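The values are calculated or read from the model by the stated rules, or taken from the named source; none is laboratory data. Just so we're clear, the structure is a prediction, and the values are computed from it rather than from any experiment. Every residue, glycine among them, receives a Cβ derived from its backbone with ideal geometry; neighbour counts consider all protein chains shown.
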Amino acid sequence: MQLSPGYSSPTDPRVCKLKKSLYGLKQASRQWFSKLSSSLLQFGFIQGKSDSSLFIKHNSNSFIALLIYVDDVILASNNLVDIVTVKKFLHDSFTIKGLGELRYFLGIEVARSTKGITFCQRKYALDILQDSGFSDCKPVAFPMEFTLKLSANDSSPLTNPAQYRRLVGRLLYLTITRPDLSYSVQALSQFMANPSSNHLQATERVLRYIKATLGQGIFLSAHSPLHLKAYSDSDWGGCIDTRKCITGFTVFLSDSLISWKSKKQPTVSRSSVESEYKALASTTCELQWLIYLLADLKVPHPQAFLLYTYSKPASNIASNPVNMKEQSTFN
């Protein structure tokens, strides 16, 4: 916040005392959310326990869910009259612009049919290719060579690392609807501090794969039983610089993929059993959070979720802690 011309002086430094929040300040986003959430709570909404940006209002005849991302809002309900009522309340309170049925949100394209909902980021992917000069590149069938092992010091560093950082950051956002990119982008994001020519070459291969799979996304079926199941896996010492392992999991609601992750574990594992057990723990946390989310949305999930792993010893420890033989290699 700068003073108006004529008020500043090197010998008499002054500051402004604001009476309310001002757009552009570092506190502005928090103050805006506080204002919006308090208004919604007064209107009768309940803040979700699983996500503070989710607000729910329900009674015997209708259900309304409102999801907030800064000043972008998604509103869903089984009653069109309730949607009109909430939109009028928001417009009277803040002056909003309604965009109609959800088709595009934060770079994500949404298509609905009687079979379900499809999410993709085709336009966003096209923008990445165009900005990177890869619009006419030769496509490839997979994003990263299976035998490729990237290292922090395997080639000469880039003279301008900003390009690499910007590109990997955009690819990270693309993984919102592209689980097939999760492992590759996770590997590339390890070298943001000091990227090299080999890292950039691997990133360019990901772009060529995106060229071959522009319209790929995720599909949520409208006709399937709601039952959570997950698949967990881990390598052992996959990072050649730190010897840390990579956790990977996918979570399905019936046959629809709803959550996934590929991430380096925070500590070094002494055995493959330990790394698989850590992956199981991370997957279990994600499943439990999803159960809380379903409860917020008033979706019953009475049965236990299913969790699959390729490691029999890790499964034995998870199902029965008395198996001390398998536990002897980790804490």
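Going through segment 159-190 one residue at a time, which ones are surrounded by 18 or more Cβ atoms within 10 Å (Cβ to Cβ), over 17 Å from Lys264 (Cβ atoms) and touching a Pro at 6+ places or on another chain (Cβ under 6 Å)?
Correct list: Tyr164 only.
For segment 192-204, name all the residues that are part of a helix (DSSP H, G or I) and under 26 Å from Ser259 (Cβ atoms).
Ala202, Thr203
From the list Ser232, Ser259, which one is closer than 22 Å to Ala295 by Cβ, polar (S, T, N, Q) and outside any loop (DSSP other than H, G, I, E, B)?
Ser259
In this structure, does Leu54 turn out to be surrounded by 15 or more Cβ atoms within 10 Å (Cβ to Cβ), under 29 Å from Val299 (Cβ atoms) and in contact with a Phe, Trp or Tyr (Cβ under 8 Å, 6 or more places away or on another chain)?
Taking the combined requirement at face value, the residue does not satisfy it.
Among the residues of segment 283-293, is any at pLDDT below 90, more than 22 Å from Leu148 (Cα to Cα) and outside the structural domain of Tyr183 (by TED's automatic domain parsing)?
no
Return the only residue of Asp255, Asp233 being surrounded by 16 or more Cβ atoms within 10 Å (Cβ to Cβ), touching a strand residue (DSSP E or B) at 6+ places or on another chain (Cβ under 7 Å) and not aliphatic (A, V, I, L, M).
Asp233
Identify all residues within segment 215-226 that are in a loop (DSSP other than H, G, I, E, B), in contact (Cβ under 8 Å) with a residue 40 or more places away in the chain and loosely packed, with under 15 Cβ neighbours inside 10 Å; write none if there are none.
Gly215, Ala222, His223, Leu226
Going through Ile68, Ile64, Ile96 one at a time, which residue ends up being in contact with a helix residue (DSSP H, G or I) (Cβ under 8 Å, 6 or more places away or on another chain), touching a residue at least 24 places away in the same chain (Cβ under 8 Å) and outside any helix (DSSP H, G or I)?
Going through Ile68, Ile64, Ile96 in turn, the sole match is Ile68.
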